[in-house]
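The structure appears right after this line, and notes come after that.
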Amino acid sequence: MISLSRVTRQHGHRVLFVDTSFQLDPGDKVGLVGANGSGKTTLFRMIVGEESPDEGSVDRPKRLSVGYFRQDADDVDPDRTVLEEAMAGDAEVSALAAELQALEARMEEGGDDFDAVLERYGEAQARFGDLGGWDLEARAASVLVGLGFVDRQLKQPARSLSGGWRMRLQLARVLIQAPEVLLLDEPTNHLDLESILWLETFLKDFAGSVLMTCHDRDVMDRVVRRIAEIDGGTIRSYTGNYAFYERMRAEDAARREAEYDKQQAMLAKELRFIERFKAQPRKASQVQSRAKMVDRIERIEPPPRMQERKFQFRKIQRSGDDVIVAKGLRKAYGDHVVLDGLDLVVRRGERWAVMGENGAGKTTLLSLLAGRSDADDGAVRIGASVSMGFYAQHQTEQLDLDRTVIDELQAHAPTANLGVLRNLAGSFGFSGDDVEKPISVLSGGERARVVLAKVFWDAPNLLVLDEPTNHLDLLTKRALVTALKDYEGTLVFVSHDRTFLKTLATRVLEVGREPHAYPGTYDEYVTATGREAPGMRAAR
């Protein structure tokens with residue numbers, strides 16, 4: 001269907017692909033992985049024709065329909081409603097609908113070309129029906145609701161949406177096209193857990209091909225059947241889901257490492273012989289023979305080593321047993337009551353996952369607990385010897401965009417040694433000149449890492465985290481989960497990442513119309529409720 005043949009592509013001095021090939025077949029569900037800057041976005045752009053390879057070819061059928069969801073897209077028409085904008089994603093159907101309307105007006109006027117207009121109307125109407133035009137509005141509404149929109153939002157102007165909701169709308173436009181191939185660049189970044197679960201089902205049932213990048217390993221495990229890894233300028237394919245890929249990659253890396261070490265040992269032995277006997281005439285022929293052999297050997301490249309990140313908390317102080325006590329919390333925005341009479345006691349060492357549907361009050365509750373906003377009624381008491389670290393869902397609120405990375409850390413820890421702060425930045429992925437990058441040019445994931453570095457530096461014994469895994473790549477997520485597993489303090493968090501929930505939660509608070517606490521892990525919550533998220537139906 002789509003094939004890359006012996007492709008080489010270079011951006012400036014950075015070589016992304018070297019004589020590499022890749023094929024996407026009908027019905028394929030492929031997860032695309034690779035380090036930041038490895039060429040994932042470039043691969044998407046070459047497939048859709050926005051970039052061309054320097055050498056080699058990218059082949060795809062001329063009439064192949066491709067839907068491409070990208071992170072930098074923000075081209076909604078502000079004069080359309082959300083529903084109208086979603087429907088416009090199916091460009092051909094939308095164009096046919098407009099044409100049918102114009103043809104109907106011309107037929108009402110009559111005229112000498114009536115027969116030609118009527119003939120074209122029949123052709124357009126038939127094509128409109130074949131493409132599912134009659135149920136486009138229903139399909140668009142269904143996709144929008146699946147992605148978290150509520151009915152009242154569908155009639156609102158698209159210009160009223162925030163950035164995150166615009167990205168959901170852009171994703172809806174692509175899915176509604178029902179193309180033969182879906183190219184998805186981090187489609188879960190702005191979704192809550194309910195929407196992610198809906199998207200999983202949609203993609204598993206999708207009849208076409210899917211090539212996607214995704215920082216949610218549960219989505220990758222459940223949707224994809226092959227992993228394509230961009231590594232060192234080439235693309236390697238592993239049949240299976242992400243968990244299988246991790247095992248196979250580890251085995252492959254160990255094998256390549258062993259082959260490299262074996263060759264290096266052999267070369268070292270031969271070179272020692274040459275060096276030792278090169279001055280002895282009676283050994284000249286052996287030395288020349290071995291030197292020629294060494295020159296002819298095709299060198300095995302040192303295998304690339306995936307850079308694992310490791311976050312560590314400094315020693316924290318012990319808090320009192322009752323860390324947070326909330327009584328009768330009430331919060332409303334106008335007539336919309338978010339929380340009403342909520343009671344909660346968080347004790348030392350507990351790890352509370354706060355769950356709830358959109359608008360149920362998850363972020364509001366965390367803001368109240370962290371003292372970032374005031375309740376309309378009720379009170380929050382923070383226990384003795386509690387020091388709090390707070391991570392906001394929107395990292396920009398906690399950063400000065402005019403500072404560099406190192407300036408931001410120095411402003412946060414003015415008494416710390418510069419070398420210590422550089423080491424801190426390095427552990428969060430900012431090494432060398434990266435620390436001089438302005439905050440304003442950082443990606444969402446990079447900004448998240450700066451905020452996490454500040455939080456970790458403070459070594460609080462209470463962490464309140466609102467969607468800390470948003471925009472984080474899989475390696476950074478894994479490092480964060482590992483660090484928090486070993487964290488000795490108390491944790492209250494909101495997350496749509498199931499690995500995060502499964503690994504860390506020891507208590508679950510479901511907020512909404514009837515708040516309910518589940519005294520157990522996330523897996524026990526799923527077993528007790530029969531569903532993975534509050535907005536999903538219980539499994540039968």
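Identify all residues within the stretch 387-409 that are closer than 21 Å to ASP466 by Cβ and assigned to a helix (DSSP H, G or I); write none if there are none.
The answer is GLN395, THR396, GLU397, GLN398, GLU408.
Could you check the stretch 277-386 for strands (runs of 3 or more DSSP E) lying wholly inside it with 3 or more residues that are in contact with a Leu (Cβ under 6 Å, 6 or more places away or on another chain)?
The qualifying strands (runs of 3 or more DSSP E) are 322-333, 351-355.
Based on this model, can you work out whether ARG347 counts as crowded, with 21+ Cβ neighbours inside 10 Å and under 27 Å from ARG498 (Cβ atoms)?
no
What pairs come out if I take residues in the stretch 258-280 that are outside the structural domain of ARG290 (by TED's automatic domain parsing) and pair them with residues that are modelled with pLDDT under 90 and in a loop (DSSP other than H, G, I, E, B) whose C-beta lies under 8 Å away, six or more apart or interchain?
From residues that are outside the structural domain of ARG290 (by TED's automatic domain parsing), the pairs are GLU259/ILE300; TYR260/ILE300; TYR260/GLU301; TYR260/PRO302; TYR260/PRO303; GLN263/ARG299; GLN263/ILE300.
Could you run through the stretch 171-199 and say how many residues are touching a Leu at 6+ places or on another chain (Cβ under 6 Å) and not hydrophobic (A, V, I, L, M, F, W, C)?
Of the residues in that region, 3 qualify.
Of everything in the stretch 278-306 that's at pLDDT below 80 and surrounded by 10 or more Cβ atoms within 10 Å (Cβ to Cβ), which residue is farthest from ALA479 (Cα to Cα)?
If we take residues in the stretch 278-306 being at pLDDT below 80 and surrounded by 10 or more Cβ atoms within 10 Å (Cβ to Cβ), then PRO302 is farthest from ALA479 (Cα to Cα).
Considering only residues that are under 26 Å from the mean Cα position of the chain (by Cα) and either loosely packed, with under 12 Cβ neighbours inside 10 Å or basic (Lys, Arg) (or both), which ones fall in the stretch 118-149?
ARG139
May I ask you to list the residues in the stretch 94-146 that are under 29 Å from PHE202 (Cβ atoms) and in a loop (DSSP other than H, G, I, E, B)?
Selection gives LEU131, GLY132.
Anything in the stretch 36-87 that is in contact (Cβ under 8 Å) with a residue 40 or more places away in the chain, part of a loop (DSSP other than H, G, I, E, B) and within 18 Å of the chain's Cα centre (by Cα)? List them, or say none.
Within the stretch 36-87, ASN36, SER38, GLY39, ARG70, GLN71, ALA73, ASP74 qualify.
Residues checked against (1) under 26 Å from GLY371 (Cβ atoms); (2) crowded, with 21+ Cβ neighbours inside 10 Å:
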site: PRO438; (1), (2): no, no
site: ARG447; (1), (2): yes, yes
site: LYS454; (1), (2): yes, no
site: THR476; (1), (2): no, yes
site: THR482; (1), (2): no, no
site: ASP486; (1), (2): no, no
site: PHE493; (1), (2): yes, yes
site: THR506; (1), (2): yes, no
site: THR527; (1), (2): no, no
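Only one of VAL337, VAL346 is without any contact (Cβ under 8 Å) to a residue 60 or more places away in the chain, in the same structural domain as GLU397 (by TED's automatic domain parsing) and β-branched (Val, Ile, Thr); which?
On inspection, the qualifying residue turns out to be VAL337.
So which residues in the stretch 353-385 are under 25 Å from GLY520 (Cα atoms), among the hydrophobic types (A, V, I, L, M, F, W, C) and touching a Ser or Thr at 6+ places or on another chain (Cβ under 8 Å), if there are any at all?
ALA353
The values are calculated or read from the model by the stated rules, or taken from the named source; none is laboratory data. Please read all numbers here as calculations on a predicted model, not as lab measurements. Note: ideal-geometry Cβ built from the backbone for every residue, glycine included; neighbour counts use all protein chains shown.
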